[in-house]
Amino acid sequence: MQIAPSFLSCDFSKMGEELIRMDKAKADMIHLDVMDGHFVPNITFGAPVIKWARPYTKLPFDVHLMISEPHKYIEDFAKAGADIITFHVESDSDIAETIRLIKSHSVKPGLVIKPNTPASTVFPYINDLYMVLVMTVEPGFGGQSFMADMLPKVKEIKDFARSVGRDILVEADGGINAETIAQCSAAGVDISVSGTGVFKAPDAAQAIAELKQLGA
Ligand code: DX5
Ligand code: ZN
């Protein structure tokens with residue numbers, strides 16, 4: 001299991017130090033939650049903040065766009081240093097075109113599904129995706145309770161991908177901590193996002209090691 005601490009839960013008054021802390025704690029990547037106050041009822045940060053954060057670590061930046069019109073901002077996020085860009089299948093952008101745009105900047109594309117969205121909505125795009133992100137909370141806020149009933153979607157996605165000869169990565173996001181990560185690994189999740197579970201832990205290295213062990 002790879003662990004992607006969610007930047008949303010960091011202390012933004014010392015963003016750079018927080019990234020160095022995650023790097024030393026052996027995070028596999030950094031998950032960055034971009035919210036526009038329209039697609040979700042919360043506002044976080046945009047490409048300029050990611051650009052400022054970029055020099056502090058070499059870890060991949062996994063940028064989760066919770067915004068209504070992702071296609072308008074792909075270039076900005078790519079130039080800011082995103083390695084992976086995921087956007088919602090429920091957004092207003094043309095999905096195939098947005099995936100194409102992400103790839104045109106040599107960034108890895110992923111689609112995200114909210115809890116009420118079926119796994120099958122990503123199937124038409126599976127050949128062009130690097131990753132599918134299954135939300136295990138309603139997007140918008142950190143610190144919510146894990147929705148275990150979302151996990152069957154992981155197998156549905158993996159099975160469909162294999163049926164067309166693809167091996168796709170599946171990431172889960174929301175409410176993942178030492179109590180819930182074993183369920184994610186049993187369901188076949190490759191990457192678990194953890195915000196409060198890592199950033200708010202007294203010792204991030206210990207928290208990540210524990211998550212990896214419980215999610216092995
Ligand atoms: C929720 C975000 C998550 C969130 C996870 O909309 O997409 O990435 O930061 O935080 P925790 O792990 O605290 O649920
Ligand atoms: Zn997220």
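Summary of values
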| item | result |
| --- | --- |
| Ranked list, fewest to most other Cβ atoms within 10 Å of each Cβ, for 86, 136, 121 | 121, 86, 136 |
| Which listed pairs, of 14/158; 51/153; 14/79; 153/212; 72/200, have C-alpha distances above 30 Å, in listed order | 14/158; 51/153; 72/200 |
| Which of 176, 99 has the fewest Cβ neighbours within 10 Å, and the rest in rising order | 99, 176 |
| Calculated [θ] (222 nm, deg cm²/dmol) that DSSP helices of n ≥ 4 give over the chain, each run adding -39,500 (n - 2.57) | -8500 deg cm²/dmol |
| Ascending count of other beta-carbon atoms within 10 Å, so fewest first, for 58, 79, 158, 212 | 58, 79, 212, 158 |
| Rounded to the nearest 20 debye, dipole of the chain from Cβ charges on Lys, Arg, Asp, Glu | 500 debye |
| Directionally averaged projected area (convex hull, Cα atoms, the stretch 2-214), nm² | 10.5 nm² |
| Between the stretch 10-64 and the stretch 103-131, the alpha-carbon center distance in angstrom | 21 Å |
| Farthest toward positive dipole pole in the chain [+1 Lys/Arg, -1 Asp/Glu at C-beta], among 95, 209, 32 | 209 |
| Highest-MSF residue in the chain out of 160, 77, 12 [GNM, Cα springs under 10 Å] | 12 |
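Every number in this text was worked out from the coordinates using simple rules, so none of it is lab data. These numbers come from a predicted model, not from an experiment. Every residue, glycine as well, gets a Cβ built from its backbone with ideal geometry; the counts of neighbours run over all protein chains shown.
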